[in-house]
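*Asks:* My questions all concern the structure below.
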Amino acid sequence: MNRIVVGAHYGLKDWLAQRITALVMAAYTLFIAVALPMADGYEGWRALMSHGFVRFATFLFIVSLAYHAWVGVRDIWMDYVKPVSVRLTLHVLTFLALLGYTGWAVQIIWRL
Amino acid sequence: MTELTKQRPKFLNLLEIKQPLPAIVSILHRVSGAGLFLMLPLLIWLLQLSLGSAESFDTLKAVAANPLVKLILLGLLWAFLHHFCMGIRILLIDVHVGVEKAQARASAKVVLAVSLALTAILGLKLLGAY
């Protein structure tokens, strides 16, 4: 197979996704930065994170983080790891790790 | 014809190359992102402790009191803040704000300075200075 890695939309989806997920995470960060000082101790923190809207936002943050990290870390492997077998292995391990982290983190907020 | 007599191949000594500031903040964006990715299990575990129960919240406090953990968290705090500030710079350049060389150099300085200043302010809080 002899694909030429140029042309319309090649990589555009991931490029755009990285920007959109960044905006979601930036907005969430600013929200938490404002809300956190108002939450006092364990009870306050738990009440904040249990709130319906916050849970919705935290879920979006977690999913955005996973997608964002996937694009970023995959780019690192693509830039520095030349042997295809090693690179593919690293891609798979990165993907599986992020998938597992997502489940773990979502589970933490979802059972509140 | 002096060009033809130059020594080839040319080996670049990475330690001797002086990078412009935009290049430095750019590679730090990658380094900080990689660091945050590698430390995700720790961060999720800390989130779990913080929300599990009043007992696990106390465990979190004990874990965070460990000097090594404090050092890692301080590093992650800088990594997050740098990645955040640099991310905003990248998004602005994407929409053609600050693309000119002089502006790009100035914004690179701002990214470096603001992220370090915020790390100092929030880091002192983390270390319990106030």
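The values are calculated or read from the model by the stated rules, or taken from the named source; none is laboratory data. Just so you know, these numbers come straight off a predicted model, no measurement behind them. Ideal geometry is used to build each Cβ from the backbone, glycine not excepted, and the neighbour counts take in all protein chains shown. Each accessible area value is taken on the protein alone, full model and side chains, heavy atoms only, with ligands, DNA and RNA left out. Shrake-Rupley method; radii C 1.70, N 1.55, O 1.52, S 1.80 Å.
*Asks:* Confirm whether B:A34 is touching a Gly at 6+ places or on another chain (Cβ under 9 Å) and part of a loop (DSSP other than H, G, I, E, B).
*Replies:* Judged against the criteria, B:A34 is not a match.
*Asks:* Let me ask another. Do you know which residues across region B:3-16 are open to solvent by 100 Å² or more (accessible area, probe 1.4 Å) and more than 14 Å from every other protein chain (Cβ to nearest Cβ)?
*Replies:* Correct list: B:E3, B:L4, B:T5, B:K6, B:Q7, B:R8, B:K10, B:F11, B:L12, B:L15, B:E16.
*Asks:* Separate question: I'm trying to understand the selection: among the residues of region B:17-30, which are more than 9 Å from chain A (Cβ to nearest Cβ) and without any contact (Cβ under 8 Å) to a residue 40 or more places away in the chain?
*Replies:* Passing the criteria: B:I17, B:K18, B:Q19, B:A23, B:I27.
*Asks:* On to the next question. Given the conditions (1) on the phi > 0 side of the Ramachandran plot; (2) touching a residue at least 60 places away in the same chain (Cβ under 8 Å), which single one is not true for A:L112?
*Replies:* Failing condition for A:L112: (1).
*Asks:* Residue under question is A:M38, and the condition is that it be aliphatic (A, V, I, L, M) and more than 14 Å from chain B (Cβ to nearest Cβ); does it hold?
*Replies:* Against the criterion (aliphatic (A, V, I, L, M) and more than 14 Å from chain B (Cβ to nearest Cβ)), A:M38 qualifies.
*Asks:* Please work out which residue is surrounded by the most Cβ atoms within 10 Å (Cβ to Cβ), limiting yourself to region B:42-92 and to residues that are hydroxyl-bearing (S, T, Y) and either assigned to a helix (DSSP H, G or I) or facing chain A (nearest Cβ under 8 Å) (or both).
*Replies:* For region B:42-92, the residue satisfying everything is B:S50.
*Asks:* Looking at region A:80-95, is at least one residue under 13 Å from the mean Cα position of the chain (by Cα), more than 20 Å from B:Q48 (Cβ to Cβ) and surrounded by fewer than 15 Cβ atoms within 10 Å (Cβ to Cβ)?
*Replies:* Checked against the condition, which is being under 13 Å from the mean Cα position of the chain (by Cα), more than 20 Å from B:Q48 (Cβ to Cβ) and surrounded by fewer than 15 Cβ atoms within 10 Å (Cβ to Cβ), region A:80-95 yields at least one hit.
*Asks:* When only residues in region A:64-79 that are surrounded by 15 or more Cβ atoms within 10 Å (Cβ to Cβ) and without any contact (Cβ under 8 Å) to a residue 12 or more places away in the chain count, which is farthest from B:L42 (Cα to Cα)?
*Replies:* A:D75
*Asks:* Could we say that B:L36 is in contact with a helix residue (DSSP H, G or I) (Cβ under 9 Å, 6 or more places away or on another chain) and under 20 Å from A:L65 (Cα atoms) here?
*Replies:* The answer is yes for B:L36.
*Asks:* What are the pairs with Cβ atoms under 9 angstrom where one residue, in region B:38-54, is basic (K, R) and the other, located anywhere, is open to solvent by 20 Å² or more (accessible area, probe 1.4 Å)? Sequence gap at least six, or different chains.
*Replies:* Cβ pairs passing all conditions: none.
*Asks:* Which one of these is away from chain B (no Cβ under 12 Å), farther than 16 Å from A:D14 by Cα and not basic (K, R): A:V63, A:V92?
*Replies:* A:V92
*Asks:* Out of all the residues in region B:93-129, which are open to solvent by less than 60 Å² (accessible area, probe 1.4 Å) and within 11 Å of chain A (Cβ to nearest Cβ)?
*Replies:* Selection gives B:D94 alone.
*Asks:* Among the numbered criteria (1) within 17 Å of the chain's Cα centre (by Cα); (2) under 17 Å from B:F80 (Cβ atoms), which single criterion is violated by A:V34?
*Replies:* The failed condition is (1).
*Asks:* Going by the structure shown, is A:A27 open to solvent by less than 50 Å² (accessible area, probe 1.4 Å) and either among the hydrophobic types (A, V, I, L, M, F, W, C) or farther than 20 Å from A:L99 by Cβ (or both)?
*Replies:* When the stated conditions are applied, A:A27 does not pass them.
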